[in-house]
1. Quick check on my filter: what residues within the stretch 117-141 are farther than 20 Å from TYR28 by Cα and surrounded by 14 or more Cβ atoms within 10 Å (Cβ to Cβ)?
2. Among the helices (runs of 4 or more DSSP H) contained in the stretch 55-162, which hold 3 or more residues that are among the aliphatic types (A, V, I, L, M) and closer than 25 Å to HIS35 by Cα?
3. Of all residues in the stretch 126-145, which are within 26 Å of ARG3 (Cα to Cα) and touching a residue at least 12 places away in the same chain (Cβ under 8 Å)?
4. Quick test for you: out of ASP66, ASP73, ASP158, ASP96, pick the one residue that is farther than 17 Å from ILE26 by Cβ, within 16 Å of ligand 2 (Cβ to nearest atom) and acidic (Asp, Glu).
5. Considering each of ALA52, ALA44, ALA85 in turn, give the residue that is closer than 14 Å to ALA149 by Cβ, crowded, with 18+ Cβ neighbours inside 10 Å and of a type in the set (Gly, Ala, Ser).
6. For the stretch 29-42, name all the residues that are under 13 Å from the mean Cα position of the chain (by Cα), within 16 Å of ligand 1 (Cβ to nearest atom) and within 16 Å of THR141 (Cβ to Cβ).
7. Tell me the residue from GLY5, GLY51 that is farther than 21 Å from PHE140 by Cβ and not in a helix (DSSP H, G or I), please.
8. Which one of these is surrounded by fewer than 17 Cβ atoms within 10 Å (Cβ to Cβ), away from ligand 1 (no atom under 16 Å from the Cβ) and within 24 Å of GLY144 (Cα to Cα): GLY16, GLY7?
Amino acid sequence: MIRVGQGFDVHQLVEGRPCIIGGVTIPYDKGLLGHSDADVLLHAVTDAILGALALGDIGKHFPDTDPAFKDADSLKLLLHVWGMAKERGYRLGNIDSTIIAQKPKMAPYIPQMVDVIARALEAEPEQVNVKATTTEQLGFTGRGEGIAAQSVVCLVKDVLSS
Ligand SMILES: Nc1ccn([C@@H]2O[C@H](COP(=O)(O)O)[C@@H](O)[C@H]2O)c(=O)n1
Ligand SMILES: C[C@@]1(CO)OP(=O)(O)OP(=O)(O)OC[C@H]1O
């Protein structure tokens, strides 16, 4: 059986916060604002998995009103949700994601992001793709006010055929 899910997230770029994307801390003079560490890419991946499982979204499972998730490590949230996928018998087919950011340049950090996501989802790096695009200086991402990420995931469950 195959299940597909998609995730989308946005966080504001502000001074005085670390820029953590895909589990990688990127040197930059601004970082992402959120209740958690605001890792926009891991949030999109987490939402895509929840979508594939028809289990709602990240805010349902980790409310931004709960002090337990203040400054939360988004990798831990992803690992928790991956546990829910495994409990239901799923493994990763593949995942594809896009980071939408005018700056900073993501390319040097993408191999590390792929490794973080592949390890978390107990998969090979060949099953994980991360891309980046600017919006040619258009819109809130183009003005550097925020960063968005989107993700599509395919989960696979092996079912015995008779
Ligand atoms: N924040 C970003 C945005 C883009 N890239 C890389 O640059 C390439 C060109 O981007 P365009 O938006 O002009 O198409 C893109 O394909 C990415 O490889 C990046 O590293 N970081
Ligand atoms: C992750 C959570 C929880 O700390 O907070 P934020 O970092 O604000 O992130 P968001 O993408 O708004 O979604 C879910 C939240 O409940």
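Every read-out reported here was derived from the displayed coordinates using simple, explicitly stated rules and does not represent laboratory data. Being a predicted model, the structure only gives us computed values, none of them experimental. Here the Cβ is made from the backbone with ideal geometry for all residues, glycine too, and neighbour counts use every protein chain on show.
1. ILE117, ALA118, ARG119, ALA120, LEU121, ALA123, GLN127, VAL128, ASN129
2. Result: 74-87, 110-120.
3. Once the filter is applied, which keeps residues that are within 26 Å of ARG3 (Cα to Cα) and touching a residue at least 12 places away in the same chain (Cβ under 8 Å), the stretch 126-145 yields GLN127, VAL128, ASN129, VAL130, LYS131, ALA132.
4. Selected residue: ASP66, the only one of ASP66, ASP73, ASP158, ASP96 that is farther than 17 Å from ILE26 by Cβ, within 16 Å of ligand 2 (Cβ to nearest atom) and acidic (Asp, Glu).
5. ALA44
6. Of everything in the stretch 29-42, those that are under 13 Å from the mean Cα position of the chain (by Cα), within 16 Å of ligand 1 (Cβ to nearest atom) and within 16 Å of THR141 (Cβ to Cβ) turn out to be VAL40, LEU41.
7. GLY5
8. Testing whether each residue is surrounded by fewer than 17 Cβ atoms within 10 Å (Cβ to Cβ), away from ligand 1 (no atom under 16 Å from the Cβ) and within 24 Å of GLY144 (Cα to Cα) leaves just GLY16.
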